[in-house]
Amino acid sequence: MAKNTKNHLLSVAQMYEADQRTIESGISGIRLMEAAGSAIAREITTRWSPRKTVILCGPGNNGGDGFVVARLLHNKGWYVRILLLGERDNLKGDAKTNADRWPFETQPFSPDGIKDADLIVDAVFGAGLVRDVDGIVALTLKAAQQQNVPIIAVDMPSGVDGDSGQILGMAIQADITVTFCRAKTGHYLLPGRTLCGDVIVADIGIQDPIIEQIAPENTKNAPAHLFPWPKTEGHKFDRGHGVIVGGQQMTGATRLAALCARRVGAGLITIAARGTAYMVYRTCEPGNLVSNDNLNEILADPRKNTVLIGPGLGIGEGRKALVKDLLNTDKNLILDADALTMLAGHNWQNRAGETLLTPHEGEFKRLFPDITGSKLERARQAAHQSKATVLLKGPDTVIAAPDGRCTINTTGTPWLATAGSGDSLAGICLGLICQGLNSYDGACLGTWLHGKCAETGGVGLISEDISTLLPEVLKTLQK
Ligand SMILES: NC(=O)C1=CN([C@@H]2O[C@H](COP(=O)(O)OP(=O)(O)OC[C@H]3O[C@@H](n4cnc5c(N)ncnc54)[C@H](O)[C@@H]3O)[C@@H](O)[C@H]2O)[C@@H](O)CC1
Ligand SMILES: [K+]
């Protein structure tokens, strides 16, 4: 059966491979370029009326796409000028063919060349960006930015690395970015995601089986069908029994996590608590089970299958020993916040249960000080090293599995940057994993739901709202 590959994200190398395989299958490069240029022209003409347009063409095939756009807009009666980087005679292949189809002069790159533009098409660099943008290109792109008119980026905003989303030298801020076949990882990793504006993925005739053969390891967002809907004949014990190691002082963190775990359908949640905190938990939400038994005794019940430790935990030798002991159990384990901090320098081993680590950037650096690279690559390496699913938090959260798969999450709002938001996310993941999702699926779906709650809540969101918003978000998943 054909797989749904629409959520897959390609690396730049995979995009070249998809182009190449398509060309080998009998669709010429020139046809692909015509389809790419047509898609861009279509996106422009459906949004804007004819106006003075400047197309910035680079020396490669991104520039070739620009020549196609110029021709198609000109044929529709638009006034179009092209600024070309480098010599027209030096163009090669499909880009040369399309430059030859442009019967007018081109002008060299210069800030002055932008002056009368009412709309700018950035066809300078796409997949082929290999070094920092500087010199006359940087000056011309800056002038384009200062012109304050709509900017349409072809494939990627020039200066943004298609894999990492990082800026090479400088980059242009686009209003829309039209890319081809599938989005690339750099479209969704920051700062690339912001610089792209709206991302439009256009079909240029690359067939799905080619993407299936390439089998991209990166995706965007969790498939919603993973949600473990309660069954009519189900029982609370079929829906998992999660345990949260309750914080002694910051009891709110544990309570937020427990609420979220229950909202996503966990059958039972037990808070393991000691001392005065035990009474706090006993007198709060009545739907939580609360136990002050020894944690080993609590976990002796095999139905208690998943443990969350970290929210509000604090740091200390006893607590560190507790985290290490949990790593030696066969329970599914979600390690968050202080639990992660205490594992700096840990020698990671394969575990019997599922393991999910949910660090923010600071915790990640303490846990994996030697890992460098793009956010995607760092999460992937950390998952490989720790043999655990790694959920690297941020506005562009990345979830990585030890087998190399990664998901970039795109839901959420800046209102999630608030105390208690991470505890809620850990709780959602606990609720999903205790119901039987593996740690990767649970983390991907959990992050997606968490972000959707923020989008649904809108402005003024506080962490207490997240669990309350979950039912509204879940309703949108029901067919
Ligand atoms: N068959 C294909 O491969 C297709 C490619 N398409 C387009 O082709 C693009 C990729 O084309 P290319 O591989 O030619 O790459 P690009 O056109 O993105 O850039 C390559 C050129 O830019 C130069 N360059 C790179 N970084 C530079 C810098 N910082 N300063 C100055 N010069 C720099 C390189 O030396 C090379 O000449 C895609 O982004 C897409 O727009 C589309 O037409 C669809 C089909
Ligand atoms: K571009």
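The table for this structure:
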item	result
Which listed residue, of Leu139, Leu119, Leu91, is under 34 Å from the mean Cα position of the chain (by Cα) and surrounded by 22 or more Cβ atoms within 10 Å (Cβ to Cβ)	Leu119
Which numbered condition Asp122 misses (of (1) free of Cβ contacts under 8 Å to residues at least 60 places away in the same chain; (2) in contact with a Leu (Cβ under 6 Å, 6 or more places away or on another chain))	(1)
Any hit, segment 202-212, residues being surrounded by 21 or more Cβ atoms within 10 Å (Cβ to Cβ), farther than 18 Å from Leu32 by Cβ and in contact (Cβ under 8 Å) with a residue 24 or more places away in the chain	no
Per-region count, segment 42-72, residues surrounded by fewer than 22 Cβ atoms within 10 Å (Cβ to Cβ) and either aromatic (Phe, Trp, Tyr) or within 16 Å of Ile200 (Cα to Cα) (or both)	6
Condition met for Ser158 (among the hydroxyl-bearing types (Ser, Thr, Tyr), within 12 Å of ligand 2 (Cβ to nearest atom) and touching a residue at least 60 places away in the same chain (Cβ under 8 Å))	yes
The lone exception for Thr372 - which of (1) over 17 Å from Ile466 (Cα atoms); (2) touching a residue at least 40 places away in the same chain (Cβ under 8 Å); (3) of a type in the set (Ser, Thr, Tyr) it fails	(2)
Which listed residue is of a type outside the set (A, V, I, L, M, F, W, C), buried (at least 17 other Cβ atoms within 10 Å of the Cβ) and over 27 Å from Asn438 (Cβ atoms), from Thr251, Thr276, Thr270	Thr251
Close pairs (7 angstrom Cβ cut-off, 6 or more residues apart or separate chains): in the same structural domain as Asp336 (by TED's automatic domain parsing) in segment 377-394, polar (S, T, N, Q) and buried (at least 17 other Cβ atoms within 10 Å of the Cβ) anywhere	Ala383/Thr389; Ala388/Thr355; Thr389/Thr355; Thr389/Ser439; Leu391/Thr358; Leu391/Thr397; Leu391/Thr447; Lys393/Thr358
Out of Ser421, Ser386, sole residue that is within 23 Å of the chain's Cα centre (by Cα), farther than 15 Å from Gly446 by Cβ and buried (at least 19 other Cβ atoms within 10 Å of the Cβ)	Ser386
Sole exception among (1) among the charged types (D, E, K, R); (2) farther than 28 Å from Leu268 by Cα; (3) more than 16 Å from the chain's Cα centre (by Cα) for Asp465, by number	(2)
Of all residues in segment 149-201 being of a type in the set (D, E, K, R) and within 11 Å of ligand 1 (Cβ to nearest atom), the one that is nearest to Arg405 (Cα to Cα)	Lys184
Segment 25-52: number of residues that are touching a helix residue (DSSP H, G or I) at 6+ places or on another chain (Cβ under 6 Å) and more than 15 Å from ligand 1 (Cβ to nearest atom)	0
Scope segment 125-143; condition more than 8 Å from ligand 1 (Cβ to nearest atom) and in contact with a strand residue (DSSP E or B) (Cβ under 7 Å, 6 or more places away or on another chain); matching residues	Thr140
Enumeration of residues in segment 105-124 that are of a type outside the set (Gly, Ala, Ser) and either in a helix (DSSP H, G or I) or within 11 Å of ligand 1 (Cβ to nearest atom) (or both)	Phe109, Pro111, Asp112, Ile114, Asp122, Val124
Which numbered condition Gly192 misses (of (1) within 15 Å of ligand 2 (Cβ to nearest atom); (2) under 30 Å from Gly442 (Cβ atoms); (3) surrounded by fewer than 16 Cβ atoms within 10 Å (Cβ to Cβ))	(3)
Residue check for Gly66: within 16 Å of ligand 1 (Cβ to nearest atom), modelled with pLDDT of 95 or more and within 34 Å of the chain's Cα centre (by Cα)	yes
Segment 95-137, subset aromatic (Phe, Trp, Tyr) and over 22 Å from Ile167 (Cβ atoms), residue farthest from ligand 2 (Cβ to nearest atom)	Phe104
Output for segment 161-184, where each listed residue is within 10 Å of ligand 2 (Cβ to nearest atom) and not small (Gly, Ala, Ser)	Ile172, Thr177, Val178, Thr179
Some residue of segment 40-49 being away from ligand 2 (no atom under 16 Å from the Cβ) and part of a loop (DSSP other than H, G, I, E, B)	yes
Thr194 closer than 30 Å to Ser25 by Cα and either within 18 Å of the chain's Cα centre (by Cα) or charged (D, E, K, R) (or both)	no
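The values are calculated or read from the model by the stated rules, or taken from the named source; none is laboratory data. None of the values given here were measured: they were computed from a predicted structure. Every residue, glycine as well, gets a Cβ built from its backbone with ideal geometry; the counts of neighbours run over all protein chains shown.
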